[in-house]
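Have a look at the structure below before the remarks.
The values are calculated or read from the model by the stated rules, or taken from the named source; none is laboratory data. Source: prediction; values computed, not measured. Cβ placement follows ideal geometry from the backbone for every residue including glycine, while neighbour counts extend to all protein chains displayed. These area figures cover heavy atoms from the full protein model, side chains too; ligands, DNA and RNA do not enter into them. Shrake-Rupley method; radii C 1.70, N 1.55, O 1.52, S 1.80 Å.
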Amino acid sequence: VTRAYRPHPTTRGRVMSELKAFAVMEDSENTGDIFFAKHAITALRCGANQLGDGDIGGWTARRAQWADLYAPGPIPKLVMIENGWWFDCGGCGVKIDSEYEAYDEDDNAIVLNPVERKAGVFCTEQCYLREQTHKAAIKAREAEAIEWLALELLHRHPGVSLTGENHSFCSERHGAIQQVVVGFTFPGSKIGPAHYRYEAAGKYSGLFVPAGDHDAWQQFRSPTPQAQE
């Protein structure tokens, strides 16, 4: 839940009594959030800035007295649901509203028992645990991909030094590795880290050295033979 501003601890009690809760909504989409401010126009501007492009046209701020108790925020999302708001489940994406009911692919009713976690709102504790397990598996695959590409780099180009500036991306839906990037330096490099890269689509895969280090890379890969005495 966003808020207009955060009061200093020494004035928190006084400011909290002055703040009011406003539901700032986008008129055409009927989406928005709760903002705390002394006046509706302040909340409206805050909402338009944080949720839109800053133009207050097309936005409306209405009092939400039930939320005054939570000034200056945040408001528990389960409390917001009880007061007419809804959220998508952070796991399966099902709509969670005050009806606490959804429907499966066969149109059978599913009773929801939502829980709130740091990661968001989930339709059930089981859904939250499944999502956490899935995310842990994705992170493990990404770490394995980085290790695999780093070992390949070290095998193909002995003498380079890994920088630890690595990145990998695994498809959330299919669990397939889409991209892996491993940063490294080499003797004679001065500009910045080079990168060894893998792309599942086959584009831009390979080794990339900063333009200013091209000569140093060629020297590193093909050192000048020492003269024979």
Subject >> Every residue from the range 122-144 that is farther than 27 Å from Glu165 by Cα and either touching an Asp or Glu at 6+ places or on another chain (Cβ under 8 Å) or free of Cβ contacts under 8 Å to residues at least 12 places away in the same chain (or both) >> reply: Phe122, Gln126, Leu129
Original post:
So which residues in the range 111-130 are in contact with a strand residue (DSSP E or B) (Cβ under 7 Å, 6 or more places away or on another chain) and surrounded by fewer than 13 Cβ atoms within 10 Å (Cβ to Cβ)?
Top reply: Val111, Glu125
**OP:** Among the candidates Gly91, Gly84, single out the residue that is among the small types (Gly, Ala, Ser) and more than 24 Å from Val24 (Cβ to Cβ).
**Re:** Gly91
Subject >> Yes/no for Ser171 being closer than 30 Å to Asp97 by Cα and either over 25 Å from the mean Cα position of the chain (by Cα) or open to solvent by less than 40 Å² (accessible area, probe 1.4 Å) (or both) >> reply: yes
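Here is a yes/no grid of residues against (1) closer than 30 Å to Thr133 by Cβ; (2) assigned to a strand (DSSP E or B); (3) touching a Lys or Arg at 6+ places or on another chain (Cβ under 7 Å); (4) among the charged types (D, E, K, R):
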| position | (1), (2), (3), (4) |
| --- | --- |
| Ala150 | yes, no, no, no |
| Gly159 | no, no, no, no |
| Ser168 | yes, yes, no, no |
| Arg173 | yes, no, no, yes |
| Val181 | yes, yes, yes, no |
| Gly188 | no, no, no, no |
| Tyr204 | no, no, yes, no |
Original post:
In this structure, is Arg156 open to solvent by 60 Å² or more (accessible area, probe 1.4 Å) and more than 25 Å from the chain's Cα centre (by Cα)?
Top reply: yes
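When you look at Ile81, is it modelled with pLDDT under 95 and open to solvent by less than 80 Å² (accessible area, probe 1.4 Å), yes or no? Step through it out loud before you land on a result.
On the way: modelled with pLDDT under 95: no; open to solvent by less than 80 Å² (accessible area, probe 1.4 Å): yes.
It is false that Ile81 is modelled with pLDDT under 95 and open to solvent by less than 80 Å² (accessible area, probe 1.4 Å).
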Original post:
Going by the conditions given, is Lys203 touching a residue at least 24 places away in the same chain (Cβ under 8 Å), basic (Lys, Arg) and open to solvent by 20 Å² or more (accessible area, probe 1.4 Å)?
Top reply: no
Subject >> Members of the range 87-110 that are loosely packed, with under 13 Cβ neighbours inside 10 Å, at pLDDT 90 or above, out of contact with any Gly (no Cβ under 8 Å at 6 or more places or on another chain) and not charged (D, E, K, R) >> reply: Gly93
Subject >> Residue, least open to solvent (accessible area, probe 1.4 Å), within the range 38-75, restricted to residues that are within 21 Å of Asp27 (Cβ to Cβ) and acidic (Asp, Glu) >> reply: Asp55
Original post:
If Tyr5 satisfies every condition in (1) part of a helix (DSSP H, G or I); (2) at pLDDT below 90 but one, which is the exception?
Top reply: (1)
Original post:
Just a yes or no: is a residue in the range 178-199 open to solvent by 60 Å² or more (accessible area, probe 1.4 Å) and touching a Pro at 6+ places or on another chain (Cβ under 6 Å)?
Top reply: yes
Original post:
What are the pairs, 6+ residues apart or on separate chains, where a residue within the range 17-38 that is assigned to a loop (DSSP other than H, G, I, E, B) has its Cβ under 6 Å from a residue that is open to solvent by 40 Å² or more (accessible area, probe 1.4 Å)?
Top reply: Lys38/Glu18
